[in-house]
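A short write-up of the structure that comes next.
The values are calculated or read from the model by the stated rules, or taken from the named source; none is laboratory data. This one's a predicted model, so the numbers in the text were calculated from it and none came from an experiment. Cβ sites come from the backbone with ideal geometry, for glycine too, and all protein chains shown count toward neighbours.
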């Protein structure tokens, strides 16, 4: 009887989902948010967060990506942070980012749009997230990255994958459960 019960417990334990993979770590950074405030990555410690890279005068996928970020405000817990990094810091000043944020009804307590030094943004885009680079040609990935409470990248989600916010919201819940 004891062996049977142990076997059932082991079987049920093995039926759980495997943890999300770890793709890399996000180093510390300092930028400026769309409200003109200094922003340190230390503010993200202990939070699950979603990142994307956009620019405000984009006529391509950026408005769609920002619409998905807006949707994530309602599909995720209030502790989840949303971070949009600009790939055009020369034009995307805090004021410009602030106007852009208003178009998408962002909740500034959760969703921040960040700008700053090209070197810092490029380090994040190219080296940390491995999504692209900031240069003369403004091109960027249309993928979202999911980052856990320890600053580790745990997932990538593209616009071409259908409705990314549903998958992101599901994986956010997995990370929150994993941490508790």
Point to revise | Among (1) farther than 21 Å from residue 165 by Cα; (2) surrounded by fewer than 14 Cβ atoms within 10 Å (Cβ to Cβ), the one test that residue 120 misses | key: (2)
Exercise for review: Return only the number of the condition from (1) under 15 Å from residue 163 (Cα atoms); (2) crowded, with 16+ Cβ neighbours inside 10 Å that residue 63 does not satisfy.
Suggested key: (2)
Exercise for review: Sort out for me the strands (runs of 3 or more DSSP E) sitting completely within region 85-180 that have 1 or more residues that are touching a strand residue (DSSP E or B) at 6+ places or on another chain (Cβ under 9 Å), in contact (Cβ under 8 Å) with a residue 60 or more places away in the chain and within 20 Å of residue 32 (Cα to Cα).
Suggested key: 111-115, 143-147
Practice item. Would you point out the residue of region 35-59, among those that are over 18 Å from the mean Cα position of the chain (by Cα) and either assigned to a loop (DSSP other than H, G, I, E, B) or modelled with pLDDT under 95 (or both), that is surrounded by the most Cβ atoms within 10 Å (Cβ to Cβ)? Key: 58
Check your understanding: Only one residue in 74, 32 is touching a strand residue (DSSP E or B) at 6+ places or on another chain (Cβ under 6 Å), surrounded by fewer than 23 Cβ atoms within 10 Å (Cβ to Cβ) and not in a loop (DSSP other than H, G, I, E, B). Which one?
Key -> 32
Revision key, fill the gap. Expected single match for out of contact with any helix residue (DSSP H, G or I) (no Cβ under 6 Å at 6 or more places or on another chain) and modelled with pLDDT of 95 or more among 95, 73 is 95
Point to revise | From 122, 106, 163, residue being under 17 Å from residue 26 (Cβ atoms) and at pLDDT below 95 | key: 122
